[in-house]
Amino acid sequence: MKKILLISGSLRRQSFNTQMAREAAKLLEGRARVKLLDFSALPYMNQDREQPVPEVVARVRMEVQSADGLWFFTPEYNYSYPGVLKNMLDWMSRPVKPGETATAVAGKKAAICAAAGRSAGAGARAKLSELLQAIKVDLMAEPQLGVVLDREAFTSDALSLTDEQRAELAEQADAFLSYLGE
Ligand SMILES: Cc1cc2nc3c(=O)[nH]c(=O)nc-3n(C[C@H](O)[C@H](O)[C@H](O)COP(=O)(O)O)c2cc1C
């Protein structure tokens, strides 16, 4: 079975994107090995801190490296993806071993989903796609998934997907599994 790492771009406890990632995990049950990446303890990228590699950086790199696929769930912050995601990907874009060129992310297959406001995270998805391509991630272009959170979700903090949204998430899960060669 392929190993899929779910990556939520939100550190918020009740994050809708993390809730989406958990829904995705349920959809993948029995078809892939799935884990939600915890990168909340990463320090800010600082070239003074690259060597020796901080333990938490090494651990996150290892988790990324050992995955067959990365499935991103990103909020939209000011028409882009959150800074924490950029910080994590900046760490991942640097060589695993000094002097070498191989990184933890280059060549990894990835998919993007966004849960956000009225724009369905279109800005976040476009900019995250651009970043992933720049760091040589092999991004599944279609289908991308953008979920518009309704007013009720925002007041209750509980993600409630419509049947259509759930079907779209299932469709993305199927597409990603075949992209990974399952
Ligand atoms: C700094 C900031 C900027 C935001 N900018 C946007 C935006 O440009 N477009 C949008 O749809 N929602 C925007 N939002 C709302 C988030 O999409 C919304 O809070 C969402 O629930 C965050 O994802 P999460 O539930 O996974 O934490 C913004 C929220 C924050 C905190």
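Here is the list for the range 1-97: GluC sites (Glu not before Pro) lying in DSSP coil, each with at most 14 other C-beta atoms within 10 angstrom of its C-beta, are 29, 50. In whole Å, what is the distance between the alpha-carbon centres of the range 10-39 and the range 83-156? When both Cα centres are located, 14 Å separates them.
Size descriptors for the chain: radius of gyration and Dmax over Cα atoms are 15.9, 51 Å. The local environment of residue 178, defined by Cβ-Cβ distances under 13 Å, has a net charge of -2 under the rule Lys, Arg +1 and Asp, Glu -1. Express in Å², to the nearest 10, the accessible area of residue 34 obtained by rolling a 1.4 Å probe over the protein heavy atoms while all chains stay in place. Rounded to the nearest 10, that gives 50 Å².
Among the chymotrypsin sites (Phe, Trp or Tyr not before Pro) within the range 51-107, those in coil by DSSP and having at most 13 neighbouring Cβ atoms inside 10 Å are 79.
Between residue 152 and residue 166, full extension at 0.36 nm per residue minus the direct alpha carbon distance yields a gain of 3.3 nm. Dividing the summed -39500 (n - 2.57) terms of all DSSP H runs of n ≥ 4 by the residue count of the chain sets its mean residue ellipticity at 222 nm at -12000 deg cm²/dmol.
What aspartates and glutamates could a cross-link reach from residue 108, if we take a straight Cα to Cα line under 13 Å and drop same-chain neighbours fewer than 8 places away? Filter leaves 63, 68, 138.
The shape of the range 72-151 can be summarised by an equivalent ellipsoid whose semi-axes, obtained from the alpha carbon gyration tensor, come to 26, 13, 8 Å from longest to shortest. Surface exposure of the chain, expressed per residue as accessible area with a 1.4 Å probe, stands at 52 Å².
May I ask you to compute the full-extension gain from residue 100 to residue 26, defined as 0.36 nm times their residue separation minus their alpha-carbon distance, rounded to one decimal in nm?
The span from residue 100 to residue 26 would gain 22.9 nm if fully extended.
Taking the Cα centre of the range 3-179 as reference, the dipole from Cβ charges on Lys and Arg (+1) and Asp and Glu (-1) amounts to some 420 debye. Bridging of residue 26 to lysines at a Cα separation below 22 Å is possible for 2, 3, 35, 109, once same-chain residues fewer than 8 apart are set aside. Among 144, 60, 47, whose Cα sits farthest toward the positive end of the charge dipole of the range 3-179 (+1 at Cβ of Lys/Arg, -1 at Cβ of Asp/Glu, about the Cα centre)? Going by the Cα projections, it comes out as 47.
Fully extending the segment from residue 13 to residue 35 would add 6.2 nm, taking 0.36 nm per residue of separation and subtracting the current Cα-Cα distance.
Once C-alpha pairs closer than 8 Å and six or more residues apart are averaged by separation and normalised to the residue number of the chain, the relative contact order reads 24 percent.
The values are calculated or read from the model by the stated rules, or taken from the named source; none is laboratory data. Computed from a predicted model, the values in this text were never measured in an experiment. All Cβ positions, even for glycine, are placed from backbone atoms using ideal geometry, and neighbour counts span all protein chains on display. These area figures cover heavy atoms from the full protein model, side chains too; ligands, DNA and RNA do not enter into them. Shrake-Rupley method; radii C 1.70, N 1.55, O 1.52, S 1.80 Å.
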